[in-house]
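In what follows, a structure is listed as structure tokens, so that the remarks can point back to it.
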Amino acid sequence: VKSKAKKLAQSARSPQQAAVLGAGIMGGGIAYQSAAKGVPVRMKDIRENALTLGMQEAGKLLNKQLERGKITGAQLTRIIASIQPTLSFADFDRVDIVVEAVVENPTVKRAVLQETEGQVRSDTIIASNTSTIPIGDLAQALKRPENFCGMHFFNPVHRMPLVEIIRGEKTADSTLAQVIGWALKMGKTPVVVNDCPGFFVNRVLFPYFAAFNLLLRDGADFRQIDKVMEKTFGWPMGPSWLLDIVGIDTAHHAQQVMADGFPTRMKTPEQNAIDLLFAAQRYGQKNGSGFWRWE
Ligand code: NAD
């Protein structure tokens, strides 16, 4: 798949300037990875605080690289300077490719994508990092759906090699080629998949979360389930730890999209743990408490 993707990418020019919308877990990670691999990036959010945290996170990752001798001080300074945090769309006419990474809510995403399309050139590629929302649904907000596709990174972006590239019904091959080109430039393994709720990876992952929800409803302890998955199955982490890292808010929205998309197969119990934690605003690692307490 990687070689096929490379063939498509050969026909595209690599972006000179990228942008991410949202400076959260994913937007911040994508901005860091793009800058670290030589493509300057604007990082836009609607909260100043999110931009500050995004820049701090990039700084921490770069300092680790510096300590390990993988980059020089001059490189660190150049990479940091190539991430431009912003609250506005100023200069977005210079952006070749934008990836949207705002909250997993179709209404918010459609509004953000529509606004973005009005701020960029007619040949700018727009991608969405949505985890689950069908690309065809989001494309309805756009005048140029041929320039749009999914670009689904995994968390943490700097460590996870896979990027799902989702081809919408109207996505042009040239759009896919450019997105693949950027993914390869970032050192990732792009895989082109068709459009449906959850695409490939989350169609595999969400039945696992649904089973986890059922076990909890029947009285199981989330700590024990994590222990079993780690010690017996050898997985790097169990479901409650993973959900806390993903973000309970993101998981809650994604779970809803999957349940709507596959009403018989992905039905979740009423008042399930993810929904209850979401209602209590316990979003996991990002705000200090979810299944676990985070210092
Ligand atoms: P997050 O909550 O960490 O960050 C979302 C950011 O978007 C926040 O900083 C928020 O201020 C910002 N935002 C909200 N509205 C905005 C707007 N109109 N313009 C610009 N910024 C805006 O969320 P996240 O975990 O980074 O998730 C973002 C997207 O990535 C979601 O679609 C999610 O499903 C997807 N995703 C998440 C993960 C994960 O593990 N967390 C993995 C893959 C994909």
Check your understanding: How big is the charge dipole of the range 154-295 about its Cα centre, in debye rounded to the nearest 20, if each Lys and Arg gets +1 on its Cβ and each Asp and Glu gets -1 on its Cβ?
Key -> 300
Exercise for review: Using a Förster distance of 22 angstrom, determine the FRET efficiency expected from the C-beta separation of residue 146 and residue 200, and round it to 0.05.
Suggested key: 0.45
Revision key, fill the gap. The extension gain from residue 271 to residue 121, computed as 0.36 nm times the residue separation minus the Cα-Cα distance, is 49.5 nm
Revision key, fill the gap. Expressed in nanometres to one decimal, the distance between label points 7 Å along Cα→Cβ at residue 76 and residue 233 is 3.9
Review point. Given the Cα-Cα distance of residue 208 and residue 11 and 0.36 nm per residue of separation, how much length would full extension add, in nm?
Key: 67.0 nm
Review point. When only Cα pairs under 8 Å and 6 or more residues apart are kept, what is the percent relative contact order across the range 184-295?
Key: 26
Check your understanding: Which one of 70, 188, 109 has the biggest mean-square fluctuation once the chain is modelled by GNM with Cα springs under 10 Å?
Key -> 70
Point to revise | Percentage relative contact order, the chain, counting C-alpha pairs under 8 Å, at least six apart | key: 17
**Study point:** Top positive-direction residue, dipole computed over the range 203-286 with Cβ charges, set 237, 224, 281
**Key:** 237
Review point. Would you list 110, 223 from fewest to most Cβ contacts within 10 Å?
Key: 223, 110
**Study point:** Those chymotrypsin sites (Phe, Trp or Tyr not before Pro) in the range 122-191 that DSSP places in a loop and that have at most 16 other beta carbons within 10 Å
**Key:** none
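What number, in percent, do you get for the relative contact order of the range 85-242 if the mean sequence gap of Cα pairs under 8 Å and at least 6 apart is divided by its residue count?
16
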**Study point:** Cβ-based exposure ranking for 149, 196, in which fewest neighbours within 10 Å come first
**Key:** 196, 149
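Every number in this text was worked out from the coordinates using simple rules, so none of it is lab data. Keep in mind it's a predicted model, so treat the numbers as computed, not measured. Here the Cβ is made from the backbone with ideal geometry for all residues, glycine too, and neighbour counts use every protein chain on show.
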